[in-house]
Amino acid sequence: MSVGILYDATMCIGCKQCEQGCAAENGLPAPELDALRAWLPHNRIDQKRQDALAMLRLMRQQLAANTGPKRVSYHLEHTTFWDDLMRSAGALTFRESGATSVLTTETLLDELRLQGERYFRVREQALPRCLVMGEAGRQGEQAPAAAIEQTERRFCAAHGLDQPETQQRWLEDNHLTRAQFEELMRGEAILDRERSRRAVSWQMLLHLRLTGEYRALYDRARDKQSRLEAVGRWDARLENVGLTEEALFRWYFQGLHSPLETNLPQYASRLGYEDVNDFARAVLREYCYAREIERAATDSLCLAEAAPLRDHQHAGAERASELSKSQTERSLL
């Protein structure tokens, strides 16, 4: 009869006491049990050590032969252990008082976690990047070099990194190498592309419902369409309203308190438009809607100012009618 032992390998130290106990419990003859006890301390096999030594010997041989990077056809499955590793991986190395110290990413994030709501906000903002970059990695998607360059220029302009020395200082402050910064910009370029895809639209509407912003946007969109269709301005053209395209966009960006975008096609793409013409059409409708709101407000004001005069005239007419009626009655008497 064969006998097996169930044990916790994570707690095993290789003392073999479990084997001796199993042999004694199952009635191994005393001479054989004594022989096992005498043999184990000096003849046990540390299989983990043997495997590690074999791996190191193989690595030395391959390095000496300069075989190049190993190519494999398999892939590692996503597991909770990988998530734990990614969460705890990474260390920030710095020098203090002449000694090198290490700060783990978890220690750094603890400072953010202790700020409560700020941690939740940053986590929600980082989540789309995590999902998009994970999917891009699985699909092997890459961003074009031109898109990465545009993303880098836009980022540097937004953060005042227009000089090599300011860029280097920013890299040092954020513990990034130049290669890591380029990888960061590659990710941003991929995110920009995903943001412009129409497939995101439905998820955005769901998000607006969850945040309570959906109804207000719906009411405004419906009111805009109704007002402009009523006055024949829903499909208006620039020549119909006496504007140039430059003047239209200048009006729009002034309303956003932002400078006029220098690359309107790229900006339109980031907003999810097929091209800059679709963007211009939406801005023109917004312009016409703003003019209609102003006109309606002016009409309401004029009506409000005219109301007292109308009331006064109506009261005067009533008094005149009563006077005429009174005079008629006296003449009859």
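Neighbours of Met59 by Cβ distance under 15 Å: Lys/Arg scored +1, Asp/Glu scored -1, total +2.
The HN-Hα couplings worked out from phi for the range 259-268 by the Karplus form 6.51 cos²θ - 1.76 cosθ + 1.60 (θ = phi - 60°) are x, 4, 5, 7, 10, 5, x, 5, 4, 4 Hz, whole numbers, x standing for Gly and Pro. Phi-derived couplings, Karplus 6.51 cos²θ - 1.76 cosθ + 1.60 at θ = phi - 60°, listed residue by residue for the range 118-125: 4, 4, 4, 5, 5, 5, 5, 6 Hz, with x used for Gly and Pro. At the residue level, Met204 shows approximately 110 square angstrom of accessible surface with a 1.4 angstrom probe and all protein chains present. Accessible area ranking (1.4 Å probe, heavy atoms, ligands and nucleic acids excluded), largest first, for Tyr119, Tyr74, Tyr218: Tyr74, Tyr218, Tyr119.
Remark: accessible surface ordering of Lys224, Lys48 (largest first) is Lys48, Lys224, probe radius 1.4 Å. Taking amide H as placed 1.01 Å from N in the peptide plane, the amide H of Thr104 sits under 5 Å from that of Leu92, each at least 5 places away or on another chain.
The values are calculated or read from the model by the stated rules, or taken from the named source; none is laboratory data. Computed from a predicted model, the values in this text were never measured in an experiment. Here the Cβ is made from the backbone with ideal geometry for all residues, glycine too, and neighbour counts use every protein chain on show. With ligands, DNA and RNA removed, areas are computed over all heavy atoms of the protein, side chains included. Shrake-Rupley method; radii C 1.70, N 1.55, O 1.52, S 1.80 Å.
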